[in-house]
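Written out below as structure tokens is the structure these notes cover.
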Amino acid sequence: MLHRSPTALTRLIVLMVAVLLGGCASDDESTTRDTSSHTAPDTEAGTGPTTTSPPAPEPADACEGLQVVSESPVRTDPPLTEISGAVASERTPGAFWVHEDSANPTVLVEIDSDGHQVSRWDVPGVEMVDWEDIAALVDEDGTRHLFIGDIGDNLHRRESTQLLRLPEPGPDDVPGATAVPQIIELRSPLGPADAEALLLDPLSGDLVVVTKSVRGMGEVLVAPGGAWAGDGAVLDLVHAGTLELGPVEAVLAGDVAADGRLVAVRTPARVLLWERHPDDDLATTLLERSRCRGPSRFDIFGEALAFTNDGYVFLGEGDPTDLVVVR
């Protein structure tokens with residue numbers, strides 16, 4: 001998300017969203033089943049049909065038993081005020097890599113589950129346009145890589161966006177600078193489009209970007225095997241379909257579990273989880289399968305979500321923001 005300053009328009013937008021979604025935050029401590037497909041808006045009991053197409057088979061409820069177990073303020077030096085992406089760290093078990101978005105330095109910071117800074121790394125050789133999400137995959141040689149999605153475009157002016165790929169710093173590496181990232185150019189078939197969710201498939205290397213819209217319609221854009229494209233490659237994304245979540249439910253973040261079994265996206269009011277069928281790719285999971293609702297907090301600027309071994313965490317913006325742990 002682009003750098004903001006408080007304005008009357010911003011306050012009006014926040015107020016409108018709060019009015020529209022105010023009822024959604026009251027039940028965030030519980031988990032609920034959401035069975036609507038991508039062809040129908042989300043519905044609650046008594047508000048209309050749950051789907052306009054045959055319902056997808058019900059998977060096991062990935063949200064069952066999940067609850068918020070801790071909330072800790074994030075304390076870093078200097079403070080991070082616009083966190084827009086998070087992914088679990090392998091360098092430091094139990095920690096997370098986070099970054100900020102546009103108008104901020106090209107920096108990755110590790111924080112632990114209590115919100116304390118573990119390490120800080122400059123990312124050299126690249127410019128910050130609008131970093132909006134981060135993911136991680138292990139290559140065929142066993143090396144884990146971090147992938148930064150420079151995919152934000154609030155003004156819809158970018159003819160292409162970028163994926164940055166670099167080896168994850170190891171436990172014996174001295175904090176300072178990471179390796180210079182390799183850069184993969186991403187071109188959307190829809191023209192300029194804002195996006196804040198980057199999903200990478202650990203099973204296939206497929207790359208999925210889900211666009212952001214206040215109408216709650218996320219366009220699912222795919223590059224099969226795209227995560228491992230060569231440095232300097234240009235990928236033409238394919239439009240797989242539209243994920244319909246309902247008015248003002250913009251997709252702000254996403255992640256895929258390390259084993260590929262679970263997929264999640266975050267909106268201002270919800271964290272939605274899909275349990276993946278063995279033969280499905282990520283796009284099919286998002287567009288054709290049932291989902292459930294995990295614990296969340298209403299946050300119009302909540303742009304970071306990351307799986308853990310037994311749940312997930314999410315963060316927002318602010319000084320400080322809270323790291324919320326769910327398991």
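I'd like the residue in region 130-176 that is charged (D, E, K, R) and within 14 Å of T106 (Cα to Cα) and, out of all such residues, is surrounded by the fewest Cβ atoms within 10 Å (Cβ to Cβ).
R165
Only one residue in E185, E196 is among the acidic types (D, E), at pLDDT 95 or above and either assigned to a loop (DSSP other than H, G, I, E, B) or within 14 Å of the chain's Cα centre (by Cα) (or both). Which one?
So the residue among E185, E196 that is among the acidic types (D, E), at pLDDT 95 or above and either assigned to a loop (DSSP other than H, G, I, E, B) or within 14 Å of the chain's Cα centre (by Cα) (or both) is E196.
Suppose we keep only residues that are charged (D, E, K, R) and buried (at least 18 other Cβ atoms within 10 Å of the Cβ) within region 270-279. Which one would you say is nearest to V208 (Cα to Cα)?
Result: R276.
Residue by residue through region 93-120, note down the ones that are surrounded by fewer than 21 Cβ atoms within 10 Å (Cβ to Cβ), within 17 Å of P79 (Cβ to Cβ), among the hydrophobic types (A, V, I, L, M, F, W, C) and modelled with pLDDT of 95 or more.
Listed by number, the residues that qualify are V107, V118.
Just a yes or no: is a residue in region 246-269 surrounded by fewer than 22 Cβ atoms within 10 Å (Cβ to Cβ) and touching a helix residue (DSSP H, G or I) at 6+ places or on another chain (Cβ under 6 Å)?
yes
Tally time: how many residues in region 308-327 are out of contact with any Lys or Arg (no Cβ under 8 Å at 6 or more places or on another chain), in a loop (DSSP other than H, G, I, E, B) and over 11 Å from T81 (Cα atoms)?
Count: 2.
Output the residues belonging to region 60-95 that are under 13 Å from D133 (Cα atoms) and not in a loop (DSSP other than H, G, I, E, B).
I83, S84, G85, A86, V87, A88 - these are the residues of region 60-95 that are under 13 Å from D133 (Cα atoms) and not in a loop (DSSP other than H, G, I, E, B).
Out of all the residues in region 136-144, is one or more in contact (Cβ under 8 Å) with a residue 40 or more places away in the chain and assigned to a loop (DSSP other than H, G, I, E, B)?
Within region 136-144 (the criterion being in contact (Cβ under 8 Å) with a residue 40 or more places away in the chain and assigned to a loop (DSSP other than H, G, I, E, B)), the answer is yes, since at least one residue qualifies.
The values are calculated or read from the model by the stated rules, or taken from the named source; none is laboratory data. In this text the structure is predicted, and so the values were computed from the model without any measurement. Counting neighbours? That spans all protein chains shown, and the Cβs are built from the backbone with ideal geometry, glycine included.
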